[in-house]
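The values are calculated or read from the model by the stated rules, or taken from the named source; none is laboratory data. As the structure is a computational prediction, the values presented were derived from the model and not from experiment. Every residue, glycine among them, receives a Cβ derived from its backbone with ideal geometry; neighbour counts consider all protein chains shown. Each accessible area value is taken on the protein alone, full model and side chains, heavy atoms only, with ligands, DNA and RNA left out. Shrake-Rupley method; radii C 1.70, N 1.55, O 1.52, S 1.80 Å.
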Amino acid sequence: RRGYRALEAGIAGLLFVVVIAFALQTFFAKPDAASVLEGLFIPKIDGMDSVLLATGILGATVMPHAIYLHSALTQRRVVGKTDSERKKIFRFETIDILIAMVIAGAINASMLIVAAALFFKNGLYVEDLDVAYQQFGHYIGPASAILFGIGLLAAGLSSSSVGTLSGDIIMQGFIRYRIPLYLRRFITIIPPMIIIISGVNATEALVWSQVVLSFGIAFALVPLIMFTSNKRLMGALTNRKWVTALAWLIAVLVIALNLFVIYDSFR
């Protein structure tokens, strides 16, 4: 009702809360800097659980539905009349996306760093969020546990808002139908309520929801590569050949990872 600017400001505020919460968690956990750097540049996969977690982190970082949302929010905001103006807008968009990816990646990395420095180091195998909350309070203090809860709450509210609006925009684009506001809110509530009522482990459901997001990357990435490589559509902003080749390579790797997860899950 108040336009997209208010929504963007709200999501940015929630994201700021998440960043502060997990930055403080990382500080309190006091991870070993050498081990963190080694893990960042030399990733290790230890069994299928690691593959599943990596797939979930990929989905949580990229969030394929956000690609549609970002395009919808920016396509009519600033319209370049000449090729030079369009290239200038494109440069700013590139910076915007890079910042968003770095922040999302840093948040996910901080969760792994904290888990390794606090839980794994002490020989704990934590599978549930409520157990993690209790252990934060035990090893660091009540303030850390509260920060963990606030960070998760802000992340959940932000993700729900982005997902709901993305669904509305995608519906408008594909079937030319706009979902009423209150119906959108009702539909958004249904999946988590089903999970809660059915007694499914919330943490496991959260991980699998991110894995499903990873499965959706191909449905956003493949059309994106095709469109941005089409000179008739993109004009002066058409992808360079090396960019297209790199994009297809990444798409193939993501699809292969998803197919491997599906194969192993039903094996």
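Working carefully through the options 141, 80, find the one that is surrounded by fewer than 16 Cβ atoms within 10 Å (Cβ to Cβ), within 24 Å of residue 169 (Cα to Cα) and more than 26 Å from the chain's Cα centre (by Cα). None of the other options fit; the residue is 80. Among residues of the stretch 89-109 that are under 16 Å from residue 79 (Cα atoms), those with a beta-carbon under 8 Å from a residue that is assigned to a helix (DSSP H, G or I) at least six positions away or on a different chain give the pairs 90/237; 93/74. Would a scan of the stretch 96-111 turn up a residue that is outside any helix (DSSP H, G or I) and at pLDDT 80 or above? Checked against the condition, which is being outside any helix (DSSP H, G or I) and at pLDDT 80 or above, the stretch 96-111 yields no hits at all. Does the stretch 98-107 contain at least one residue that is closer than 24 Å to residue 172 by Cα and surrounded by 14 or more Cβ atoms within 10 Å (Cβ to Cβ)? No: zero hits. In the stretch 1-50, what count of residues is obtained for those that are within 14 Å of residue 116 (Cα to Cα), part of a helix (DSSP H, G or I) and open to solvent by 60 Å² or more (accessible area, probe 1.4 Å)? Count: 8. All conditions in (1) surrounded by 12 or more Cβ atoms within 10 Å (Cβ to Cβ); (2) modelled with pLDDT under 75; (3) under 17 Å from residue 65 (Cβ atoms); (4) not β-branched (Val, Ile, Thr) hold for residue 219, with the sole exception of (2).
If I ask for residues that are exposed (fewer than 13 other Cβ atoms within 10 Å of the Cβ) and in contact (Cβ under 8 Å) with a residue 60 or more places away in the chain, which ones from the stretch 222-236 would you list? Answer for the stretch 222-236, where residues must be exposed (fewer than 13 other Cβ atoms within 10 Å of the Cβ) and in contact (Cβ under 8 Å) with a residue 60 or more places away in the chain: 235, 236.
For the stretch 173-200, the tally of residues that are open to solvent by 80 Å² or more (accessible area, probe 1.4 Å) and modelled with pLDDT under 70 stands at 6. Exactly one residue out of 239, 258 is in a loop (DSSP other than H, G, I, E, B) and open to solvent by less than 50 Å² (accessible area, probe 1.4 Å): that is 239.
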